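Accompanying notes for the structure given below.
The values are calculated or read from the model by the stated rules, or taken from the named source; none is laboratory data. Because the structure is a prediction, the values reported are computed rather than measured. Here the Cβ is made from the backbone with ideal geometry for all residues, glycine too, and neighbour counts use every protein chain on show. All accessible areas refer to the heavy atoms of the entire protein, side chains included, with ligands and DNA or RNA removed. Shrake-Rupley method; radii C 1.70, N 1.55, O 1.52, S 1.80 Å.
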Amino acid sequence: MSLLDYWDTLRPSVKRRKTTADDADDTTTSLSPAVTSEEDGHARPEKSLVNLDRSDTACPPCLGQEPEGDDLPFPASQTELESSLPAVDTDSHAIEEYEVSQSIQGQEEEPGIRERLQDGKWRKGKSSIYVDAFNLALETVLDEEAHLFDEAEMQVFKEWQGLSYESQYLYVRLFLRKTSAWHRINRLGYYSDISDLSSVVKDLQCNRILPISSSLEDENPISIERPDTPKLDTQFQFADKTDQITTLEEASSLLLLDELKTLAKDAKVQGKSKKDLLTALHRVSQQQTSLDWSNNKAAASCDSHFIQKILNYTGDCIRLATAPRELFERVHLVFYRSTEWTEKSLTTIILAKISRRNFPDYVVCRSTSIFPSRAFLLEFESALRTQFHIDNILESSGTPTVESLTQVRDYAYKVYPRWKMLCEQERQKEDRAYESGEGAYLRRFSPAWVYTRIIHKGLHPLGRFKEYLEEHRLLCELLGQRLFHAARRGSWYQRKALLEEHYMWNLTTWEGRSEDAQRKHWRRIALQTCEAGLQDPDCHLIYHYDLQKRIMKLERTLKVVKREQHDFSHVMLAKPEERTVEGIRIEREDPPTQDDASKRGRPTVWVDERDGGDCRVESMCLSWYRDQGWKGYHSEGGIVRTLFGYLFYDILFTYVPNVFQTPFQTCPLDLHTDSFCATRASEINHRLVEITNDEAERILRAVHAREASRQPCAIGIDWTFELDDLVDIVRCFRGEALAAICKVLAQEYQQRGGGIPDLFLWRVESREVMFVEVKSENDRLSDTQRLWIHVLGGAGVRVELCNAVAREVRYV
């Protein structure tokens, strides 16, 4: 698995349907792009509408579709770069279709990489968008940041540039798959692009000579790299040969489950899964020996017998060699300025460019000083690998064992001294080198950023081992710095206050106090921690409610007099009102082979009693609210993100170094990070004050007048929403409530993109807005939905929980 593939940032899908109270002609219930609404006698043209079954136009969903079979490179996820680019089709079919349409058959002279990327001219069997994107990344890094690589690595790049197109194509395609896995050559299937597969494989597997580097070996300040990781030596191969398969696990990875079962049957062992079968085969190898396949009399391990039997069946195999593969991963780390990348990262930027769309105006700035030295880059890469290993331990199936938790804790202790040193260096750099907030995004590429997350992960085993005193000390250290992972400060305050309330009284010296006095002493400290959290500008709004609850609980326990207690009545959450809407549900008679689990995951179908057509439960409830005089959309956050995009448009695209790497972005790269707010704190706070003072309409009209004619791809903004509707909505919003919602999105745009209630409603006459979460039978609120209900309730916005109940069930 790739080093950099471990953060999942899936975007929620968004569907919307608009209705108005007096829209008697709106009888369409489908959520397809053909849905139009008629207002003031004017039909909205279909061509201006986006696909309502997709996410909002500027915030792309998970791009493309999964490749089939072995071509699936990584879990579906988005990098910061992909999240900033517009929604374009990037699946294999779209790429092939474009390359065919742009082919230049018969052209005498082959265009260069820049021309192909500029004009979209690819020739089947001679050039590929994958190879061009791979080489573009390499050329850009070598042009701008060659100082990050030594002589041996530069020779690897030179050897790469000397490879034929077909060799480069096979390497890139394997690079985009499970990079550390073995592949059966006879199953690669790239015959349309590779005329002689065997010679290409031989080319990648041949030995190449490397010079001895004149630079001293870079020493990692923290030696936590895997000891068995191959390094570039005096020679290297781009790909490993079959004879380098040495374990039964490696060999069995080449077989399908049925094929492995056939092998196990010959060995007279059984098992339901690959794991069971491998365990059984290992057990056989320990109990008996067999003659070597070369007919030597010496006894050989049964593992070797099984390995050779598998390889005789599969034929020759290939795997990318570890050292050059990790070198190319480092190149992409430098090029994409991201701690993760996927196959989509290689192609999305090119497909975005050729999409011929309008983009917001901003200053593109690609700094060449993000990694000041080779040693700094290597330490950052090593820290990422360690973090990835820790995530595998904590997030693997099953409860982590004591041994694995001890390993995580030891990692945290090992990086702690270096983390302290880098924090101090970064603090001094912030004071001297950066303008206000300029370094916030660059800090994500410091090893200290990764070490902070490792120490944060190390808190979990300390809690499991009941080492509360040490956990409290580390929490104080984490809260003592403000440069790294500010978004976690709220959770650190919560945990610290919990420890102080329940455990610290018995773990510290009493200093002559009685038990009751000692408990009260630490409860007062817990109270101060909660107060500090509420006053901390970096403690995100979503944590305030829990801190407020703990403050009220502690004040009751400490018997604080009423006049000295905190009063949170102005922000206390009102529980969402519950409403029941009755309708007619349609049940389809499924074939008897279909199980209940598959039925449970399907959306329910209801009758729209206005029209007699079928619809989803949200549309049925929306029709009911329309009868009560409300206007509204089934937008699942589309309205909220559109308002945020309008109101923060100039802040989103203001000049900040390093956050606009290409001219084809819909948002700055740091929008989905906690550095977005820190870098623009002054501008964001000023804008929130303006919104609170009811200036949202002025800002919205100004942005619409300036940008609507171009309709640039700006994140969150759906240009198909009518300006009059948006103006009515901001007029119905209380300024404080709209500012609170915008603040949550500014602080955590990525995490809070989902969970917004299904329906957004407003009523002009009474100047009120309402969010409605629709639930059919057996549905439950998710954690993200509860959080948004808390945020909206705390901002004084009306929220209803609408339960759809079937008064009649029709079977079709």
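Classify segment 683-812 from the C-alpha gyration tensor, please: rounded if a/c falls under 1.5, else prolate or oblate depending on whether a/b exceeds b/c. Here segment 683-812 falls in the prolate category.
Estimated at 0.36 nm per residue, the fully extended path between residue 470 and residue 368 surpasses their Cα-Cα distance by 32.7 nm.
Taking Cβ atoms as reference points and 11 Å as the exclusive limit, the residues near residue 806 contribute a net charge of -1, counting Lys and Arg as +1 and Asp and Glu as -1.
In terms of the Cα gyration tensor, with a ≥ b ≥ c the square roots of its eigenvalues, is segment 623-752 rounded because a/c is under 1.5, prolate because a/b exceeds b/c, or oblate? In terms of gyration-tensor shape, prolate. Accessible surface comparison of 504, 552, probe 1.4 Å, protein chains only, largest first: the order is 552, 504.
Computed with a 1.4 Å probe on the full set of protein chains, the accessible area for residue 421 sits at about 100 Å².
Between residue 535 and residue 503, the contour length at 0.36 nm per residue exceeds the alpha carbon distance by 9.1 nm. Note on segment 358-564: dipole from Cβ charges, positive end direction compared against 396, 494, 415; the farthest Cα belongs to 494. Taking all protein chains as shown and a probe of 1.4 angstrom, residue 626 keeps an accessible surface of around 10 Å². Charge dipole of segment 637-725 (Cα centre as origin; +1 on each Lys and Arg Cβ, -1 on each Asp and Glu Cβ, all else neutral): 280 debye, rounded to the nearest 20.
Taking all protein chains together, 413, 336, 811 sort by accessible area into 811, 413, 336, largest first [probe 1.4 Å]. Sorting the segments 651-659, 199-207 by their residues' average number of neighbouring beta-carbon atoms within 10 angstrom, most packed first, yields 651-659, 199-207.
Only protein heavy atoms count here; on that basis, with a 1.4 Å probe, residue 460 has an accessible area of about 80 Å².
Residue 517 sits among other residues whose Cβ lies under 12 Å from its own Cβ, and their net charge, with Lys and Arg +1 and Asp and Glu -1, is +2. Amide H to amide H, with H built 1.01 Å from N, residue 581 comes under 5 Å of 803, 804, 805, counting only residues 5 or more places away or on other chains. A simple packing score, the average count of other Cβ atoms within 10 Å per residue, orders the peptides 472-480, 272-280 as 472-480, 272-280, with the highest score first. Accessible-area rank, largest first, for 187, 488: 187, 488, with all protein chains present and a 1.4 angstrom probe.
A simple rule links phi to the HN-Hα coupling: the Karplus curve 6.51 cos²θ - 1.76 cosθ + 1.60 with θ = phi - 60°, which for segment 783-791 gives 4, 5, 5, 4, 4, 5, 4, 4, 4 Hz, with x for Gly and Pro. Computed as a quarter of the hull surface, the mean projected area of the alpha carbon convex hull for segment 428-566 stands at 10.3 nm².
Under a Cβ-Cβ cut-off of 14 Å, what is the net charge of the residues other than residue 653 that fall near it, where Lys and Arg count +1 and Asp and Glu count -1?
In short, -1.
If you count Lys pairs in segment 358-564 whose Cα atoms are under 27 Å apart, skipping same-chain pairs closer than 8 places in sequence, the total is 28.
Relative contact order of segment 358-564, taken over Cα pairs closer than 8 Å and 6 or more residues apart, is 17 percent. The relative contact order of segment 591-730 comes to 23 percent, based on Cα pairs under 8 Å that sit 6 or more residues apart.
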